[in-house]
Structure formats: C-alpha cells, structure tokens
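Notes follow the structure.
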Amino acid sequence: MTPNFLVLLGTAFIPFLLAYIWFHDSVFGGKRWHAMADMSTEKTASPVKPMKLLLSLLLNALLAFGIYNFSIHEVGVFGMVGADANLMKTGSAAAFLAEYGGKFHTFSHGLAHGFAATLLYALPILGYVVIFEKKSSTYFWVYLGYWFISITLMSIVICLWGAVPV
C-alpha cells in the first residue's frame, strides 16, 4: 500500500472545517471558549495571515501522514521490504498481503485508530499544555473533544480511501 496523497491532502482540511464549527460563537465552544482562550472579539475578527494558514495546512498534512502510518497496517510490510513496491508482489510480503491486506480498511477500524491516536498522542500533549500553562479542565476537555473528532474523522477517511494497493 502506498498513500493516496490527494486523500491525505483532503483530510488536512478536516481540522479547519471542524474548528470553524467547534469554536464558532453560536455553536459548541462559542463565547465560553473565547473567554477561556483569552480571545477577544478584536482578535477573532482579524483575519489570519495567509502564511499562518499555509503553515496550519502543512501541520495538518503532517498529521494526516502520521495517521496514515498509524492506521494502515500494510505500511509496516512496505517498510520491512525497504519501501520497494516490487518486493511487495513476491515472497512473504505478497503472502501476507494476500491474507491480510485491505481487511482493515473500514469505518470501524478508522474509528478505533482515531480513538487510539487521541488517547496516545493528543491527550498527553494537551495535558502538558493545561498543566504548565495553568489552563482549566474545561479548556482541556474542549480541545480534547475537538482533536478527538478531528483525528477520528481523518483516520476514518484515511482507512477508507487513503491507501492505494501496490
């Protein structure tokens, strides 16, 4: 399996779209989040600079690639044959892929990996932010919920369409 880079790039927009909803004034986080994050009306009204948006997109793309490596198990086989796609078609690698390849490219598998990635990566990182920046537990739960949904949606999309058979 190799990555479908168009799908990975597309999933990089999921955190943008969810943030627009999650942190919007009239939706979930709303004014309460603005107060917790010390985001004044002036700060939220000013547009984000294009370079920062591009950097955010790059970070989201790196996240998507990481989720791809975490969620698509055939990546391990690809790595074990030295990333040579031709070696995936013969021998032990081909036998493994014939038996197991593509079996875990499902909605539920993406959901499980999204949950695991949030638990193993987002939770500890956000925990550090909350502890050392002296943020409230509500702040922690708002952001953890946002990243849980973002990472899980990304993982589901990647599991369903993010891998191209070799």
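Structure notes:
- Residue selected from the stretch 93-115 under the condition surrounded by 13 or more Cβ atoms within 10 Å (Cβ to Cβ) and either among the charged types (D, E, K, R) or in contact with a strand residue (DSSP E or B) (Cβ under 9 Å, 6 or more places away or on another chain) (or both), by the criterion modelled with the highest pLDDT: His105
- Of all residues in the stretch 122-162, those that are within 28 Å of Glu74 (Cα to Cα) and out of contact with any strand residue (DSSP E or B) (no Cβ under 7 Å at 6 or more places or on another chain) total 19.
- Those helices (runs of 4 or more DSSP H) of the stretch 24-126 in which at least 3 residues are more than 17 Å from Ser155 (Cα to Cα) and touching a residue at least 24 places away in the same chain (Cβ under 8 Å), considering only elements entirely within it, cover 30-36.
- Residue check, Thr152 assigned to a helix (DSSP H, G or I) and crowded, with 20+ Cβ neighbours inside 10 Å: yes
- Of all residues making up the stretch 22-61, the number that are surrounded by fewer than 11 Cβ atoms within 10 Å (Cβ to Cβ) and charged (D, E, K, R): 5
- Qualifying residue in the stretch 62-84 (condition: within 23 Å of Thr118 (Cα to Cα), surrounded by fewer than 16 Cβ atoms within 10 Å (Cβ to Cβ) and hydroxyl-bearing (Ser, Thr, Tyr)): no
- Per the listing Gly127, Gly30, Gly82, the residue uniquely modelled with pLDDT of 95 or more and more than 13 Å from the chain's Cα centre (by Cα) is Gly127.
- Among the residues of the stretch 155-166, just one is surrounded by 21 or more Cβ atoms within 10 Å (Cβ to Cβ) and either more than 18 Å from Phe65 (Cβ to Cβ) or more than 13 Å from the chain's Cα centre (by Cα) (or both), namely Ala163.
- Tyr143, sole failed condition from (1) over 21 Å from Val7 (Cβ atoms); (2) in contact (Cβ under 8 Å) with a residue 24 or more places away in the chain; (3) surrounded by 20 or more Cβ atoms within 10 Å (Cβ to Cβ): (2)
- Single residue of Leu8, Leu18 found to be over 11 Å from the mean Cα position of the chain (by Cα), surrounded by 12 or more Cβ atoms within 10 Å (Cβ to Cβ) and either of a type in the set (A, V, I, L, M) or at pLDDT below 90 (or both): Leu18
The values are calculated or read from the model by the stated rules, or taken from the named source; none is laboratory data. For clarity, every value in this text was computed on a predicted model and none was experimentally measured. Positions of Cβ are backbone-derived with ideal geometry, glycine not excepted, and every protein chain shown enters the neighbour counts.
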